[in-house]
């Protein structure tokens, strides 16, 4: 089954909205009777004449402030008040802006921000108690791991550290065990960067010779 995403907008002037989508957002548009069709390869919008509240088009961006500044430089786009009924929830991990267009369309621009962009140290998925220093060090070292694979690395390192703790007969992950787990779970190609980071923290890397990836 092959399905395409399409939405239907009722607007006072379909041709004006179609022209805006083509000029500003690079949609391909075509007139079909009293309606217009707009397509950008990801979504199709059917624009039909009608009386309804201004339709809202949500757009994800990787440069929220820059794109908003560019759009607001146009005379036909304005920043909507924060109290607007269609105003988006503006949370740290997903900042957003609502823009009003003279053609009758409203735009919500939003940006998904990862943990680095939010300057977060995400909690470990721990099932055992951790020494506070071990917990903090592990979360900081995880910033050496690319963010797109960090969740899996976080689970792997945490699980291995807790395995080492149980194997050693304790029910808490101590500092040295956390270090050992991180070294064990680091790919050989990444060891040099890890050891450089540990050395910069005054940590002796000699006891943590590589025995293989966990």
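The values are calculated or read from the model by the stated rules, or taken from the named source; none is laboratory data. Just so you know, these numbers come straight off a predicted model, no measurement behind them. Here the Cβ is made from the backbone with ideal geometry for all residues, glycine too, and neighbour counts use every protein chain on show.
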task: Give the residue, chosen from 173, 145, that is touching a helix residue (DSSP H, G or I) at 6+ places or on another chain (Cβ under 6 Å), within 22 Å of residue 118 (Cα to Cα) and crowded, with 17+ Cβ neighbours inside 10 Å.
output: 145
task: Considering only region 39-48, state which residues are over 10 Å from residue 14 (Cα atoms) and buried (at least 20 other Cβ atoms within 10 Å of the Cβ).
output: 45
query: Does residue 102 satisfy the criteria of being surrounded by fewer than 18 Cβ atoms within 10 Å (Cβ to Cβ) and over 28 Å from residue 187 (Cα atoms)?
result: yes
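List the helices (runs of 4 or more DSSP H) that sit entirely inside region 109-214 and contain at least 1 residues that are within 30 Å of residue 60 (Cα to Cα), without any contact (Cβ under 8 Å) to a residue 40 or more places away in the chain and not assigned by TED's automatic domain parsing to the domain that holds residue 98.
Numbers: elements: 132-141, 150-167, 175-184, 191-200.
It comes to 132-141, 150-167.
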- request: Could you please find all residues in region 7-38 being touching a residue at least 24 places away in the same chain (Cβ under 8 Å) and buried (at least 17 other Cβ atoms within 10 Å of the Cβ)?
  value: 9, 11, 14, 16, 17, 18, 20, 21, 24
